[in-house]
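The values are calculated or read from the model by the stated rules, or taken from the named source; none is laboratory data. All values derive from a computational prediction rather than experimental measurement. Using ideal geometry, Cβ is built from the backbone for each residue, glycine included, and neighbour counts are taken over all protein chains shown.
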């Protein structure tokens, strides 16, 4: 193992968006069993420090790979199409109009049922975007377009947080 390996190499998994979550979880458990600092307690401070670095690296990679959004962003970066969300917020006009409609619907919703209905609609759109990202990365090899969709997914994820906050405010 090498600390500088990409996350997929570290876990011995193919560099694809579609990921077998069971295999990922099993690899994580195996890696943690090998590098956990408790295994090196009797080997001195240097060995424990190195084990801690490995444990942190394995956990960071696991968190990045298990979440579809961060996995997609990571794959885009590995393939030369960084997300650059802070500097590149350009979105297609149709997506921006959809966002405005969703926000307006959320602001006007008086009841939890209305917000839950909106949440269902947003989840459906999110699943469609994730499937498109999968196709772009795994089938078409189009990381640049996938990066645009990942930026859209980031907007959707933030909006879903707003929906959750609204549901909490409505007592759900």
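Values as computed for the structure displayed
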read-out	value
Per-region count, segment 106-122, residues part of a helix (DSSP H, G or I) and either more than 30 Å from residue 16 (Cα to Cα) or under 15 Å from the mean Cα position of the chain (by Cα) (or both)	10
Given (1) within 30 Å of residue 35 (Cα to Cα); (2) over 14 Å from the mean Cα position of the chain (by Cα), number of the condition residue 62 does not satisfy	(2)
Helices (runs of 4 or more DSSP H) contained in segment 1-105 and holding at least 2 residues modelled with pLDDT of 95 or more and over 21 Å from residue 133 (Cα atoms)	7-11, 21-35, 45-66
Criterion violated by residue 143 - all others in (1) under 20 Å from the mean Cα position of the chain (by Cα); (2) over 30 Å from residue 9 (Cα atoms); (3) buried (at least 17 other Cβ atoms within 10 Å of the Cβ) satisfied	(2)
Which numbered condition residue 106 fails, given (1) under 16 Å from residue 166 (Cα atoms); (2) not assigned by TED's automatic domain parsing to the domain that holds residue 150	(2)
Filter result for the condition that a residue is more than 30 Å from residue 27 (Cα to Cα) and surrounded by 13 or more Cβ atoms within 10 Å (Cβ to Cβ), over 114, 101, 77, 108	114
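The rows are residues; the columns are (1) surrounded by fewer than 15 Cβ atoms within 10 Å (Cβ to Cβ); (2) without any contact (Cβ under 8 Å) to a residue 60 or more places away in the chain; (3) farther than 18 Å from residue 77 by Cα.
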| residue | (1), (2), (3) |
| --- | --- |
| 13 | no, yes, no |
| 17 | no, no, no |
| 37 | no, yes, yes |
| 40 | no, yes, yes |
| 43 | yes, yes, yes |
| 51 | no, yes, yes |
| 54 | no, yes, yes |
